[in-house]
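Visitor: Got a structure for you, questions after.
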Amino acid sequence: MPSPPSAAPTPRLQSLALAWPPHELRQEDVAANGAEMFATTHGGFERLAPIYRNARIETRHSCVPIEWYLKPHSFSERNDLFLENAVTVLAEAADKALDQAGLEAGDIDAIVVVCTTGIATPALDARLMQVMPFRPDVRRLPIFGLGCAGGVVGLARAADLARARPDERLLLLVVELCALTFRAQDRSKSNLVATALFGDGAAAAVISCRDDATGPALGASREHTWPDSLDVMGWDVADDGLKVVFSRDIPALVQNDFRPVAIDFLTSQGLTTADVGGFVCHPGGAKVIDALEACFDLPEGALTHTRDVLRDHGNMSAATVLFVLRAMLDDGTKGPLLLTTLGPGFTAGLMLVHA
């Protein structure tokens, strides 16, 4: 008789480290510059001030100083800055994650890199290998185009790879330099909102199913892509860079359409919202957080860590949810934790982490 199948190996989050570039953007300074820049097309400071105030962001980080944003820049100039700074901040995050796990670069067998805010061929992982001593036989998987959903979907992909090769160690890297995409001559409402929202950041995690791996267990995951939703979120490519696409309907989509998807996922795992120890949500923006709290029947203000990350770092696209996860783990929150993100597609990413 054939032997019964053995239990699937459990990938563990051995470490999770964060990094961000050196320039701090204070929201009050961004608002002042934005008001000056858009005064002739949006009715002056009094019309603009609520956009920055209602974003509920105090500081963000950028790879360039605030003065850079006041001038036009070509796509090639932006992308050169992206390549230089993405590798730098990724190396910092990777070093921290390896140090937390007590490992060296040569111990890593595979690298997964998630990013949507720049073009890199050779990919960022290959460029990182020029500044960090990874083995030449390390396997590389760059993932592009997930946008804000990339934090959860990338973590799920990395967990799947770890299950497939349980004796190996994998390094997940997520970096987004969203602020570089701001285009000074674009007077659209979406671009204006982006000035009040976007920041830069990176996260790195060591993941493994090895017997010596310790840390939170990475559980089930799911994605859901709604039909006819390509225009909800994403980039359009303009001559001078990536042009942000935001639908004003995103908070309503979260509150009305995301809930049944999340509930069905939890039900498939034998859980209800009452069983969730913590909701690790990508913030998107302040209105999205309000919608997420309503979606999960949480009291207003309950998503404390999500709100804190938005306040201190802004929306860093795919990296943001991993900042929230780090904060929740540091706070000692016990699982199961439900990670949620929403990004271009229009796609939801969900995952359980058992802390």
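The values are calculated or read from the model by the stated rules, or taken from the named source; none is laboratory data. The structure displayed is predicted, hence computed values, not measured ones. Note that each Cβ is placed from the backbone with ideal geometry, even for glycine, and that neighbours are counted across all protein chains shown. Surface accessibility is based on the protein's heavy atoms, side chains included, excluding ligands, DNA and RNA. Shrake-Rupley method; radii C 1.70, N 1.55, O 1.52, S 1.80 Å.
Visitor: Look through 120, 149, 93 and report the one residue that is more than 18 Å from residue 205 (Cα to Cα) and aliphatic (A, V, I, L, M).
Guide: 120
Visitor: Please identify the pairs in which a residue from the range 92-109 that is modelled with pLDDT of 95 or more has its Cβ atom under 7 Å from the Cβ atom of a residue that is among the acidic types (Asp, Glu) and open to solvent by less than 50 Å² (accessible area, probe 1.4 Å), counting only partners at least 6 apart or on another chain.
Guide: Every condition considered, the pairs that remain are 109/168.
Visitor: When only residues in the range 337-347 that are open to solvent by less than 10 Å² (accessible area, probe 1.4 Å) and either modelled with pLDDT of 95 or more or not hydrophobic (A, V, I, L, M, F, W, C) (or both) count, which is farthest from residue 289 (Cα to Cα)?
Guide: Of the range 337-347, the ones open to solvent by less than 10 Å² (accessible area, probe 1.4 Å) are 337-341, 343, 346.
Filter once more, keeping what is either modelled with pLDDT of 95 or more or not hydrophobic (A, V, I, L, M, F, W, C) (or both): 337-341, 343.
Numbers: 337: 17, 338: 15, 339: 14, 340: 11, 341: 11, 343: 14 Å.
The selected residue is 337.
Visitor: Filter the range 290-317 down to the residues that are part of a helix (DSSP H, G or I) and touching a residue at least 60 places away in the same chain (Cβ under 8 Å) and list them by number.
Guide: Residues of the range 290-317 part of a helix (DSSP H, G or I): 290-295, 304-313, 317.
Matches in the range 290-317: 307, 310, 311, 312, 313, 317.
Visitor: Looking only at the range 145-180, how many residues end up being surrounded by 19 or more Cβ atoms within 10 Å (Cβ to Cβ) and either in a strand (DSSP E or B) or within 16 Å of the chain's Cα centre (by Cα) (or both)?
Guide: Of the residues in that region, 25 qualify.
Visitor: Something else: Being more than 22 Å from residue 262 (Cβ to Cβ) and not in a helix (DSSP H, G or I) narrows it down to one residue among 228, 186; which is it?
Guide: 186
Visitor: I would also like to ask the following. Can you tell me which residue in the range 110-128 is surrounded by the fewest Cβ atoms within 10 Å (Cβ to Cβ), limited to those that are in contact (Cβ under 8 Å) with a residue 60 or more places away in the chain and part of a loop (DSSP other than H, G, I, E, B)? Steps first, please.
Guide: Looking only at the range 110-128, we keep the residues that are in contact (Cβ under 8 Å) with a residue 60 or more places away in the chain, and these are 110-118.
Filter once more, keeping what is part of a loop (DSSP other than H, G, I, E, B): 116-118.
Details: 116: 24, 117: 24, 118: 22.
Among residues in the range 110-128 that are in contact (Cβ under 8 Å) with a residue 60 or more places away in the chain and part of a loop (DSSP other than H, G, I, E, B), the one surrounded by the fewest Cβ atoms within 10 Å (Cβ to Cβ) is 118.
Visitor: Every residue in the range 187-235 that is farther than 28 Å from residue 311 by Cβ, open to solvent by 50 Å² or more (accessible area, probe 1.4 Å) and of a type in the set (A, V, I, L, M, F, W, C), please.
Guide: 230
Visitor: Separate question: Return the only residue of 267, 320, 333 being hydroxyl-bearing (Ser, Thr, Tyr), in a helix (DSSP H, G or I) and out of contact with any Asp or Glu (no Cβ under 9 Å at 6 or more places or on another chain).
Guide: When all the criteria are applied, what remains is 267.
Visitor: Would you mind stating whether residue 35 is modelled with pLDDT under 80, touching a helix residue (DSSP H, G or I) at 6+ places or on another chain (Cβ under 6 Å), under 25 Å from residue 284 (Cβ atoms) and assigned to a helix (DSSP H, G or I)?
Guide: Taking the combined requirement at face value, the residue satisfies it.
Visitor: Please work out if residue 290 is more than 23 Å from residue 247 (Cα to Cα) and of a type in the set (D, E, K, R).
Guide: Answer is no for this residue.
Visitor: Tally the residues that are open to solvent by 30 Å² or more (accessible area, probe 1.4 Å) and more than 18 Å from residue 130 (Cα to Cα), restricting the search to the range 60-95.
Guide: Looking only at that region, the number is 11.
Visitor: So, in the range 242-294, of the ones that are at pLDDT 85 or above and of a type in the set (D, E, K, R), which residue ends up least open to solvent (accessible area, probe 1.4 Å)?
Guide: 293
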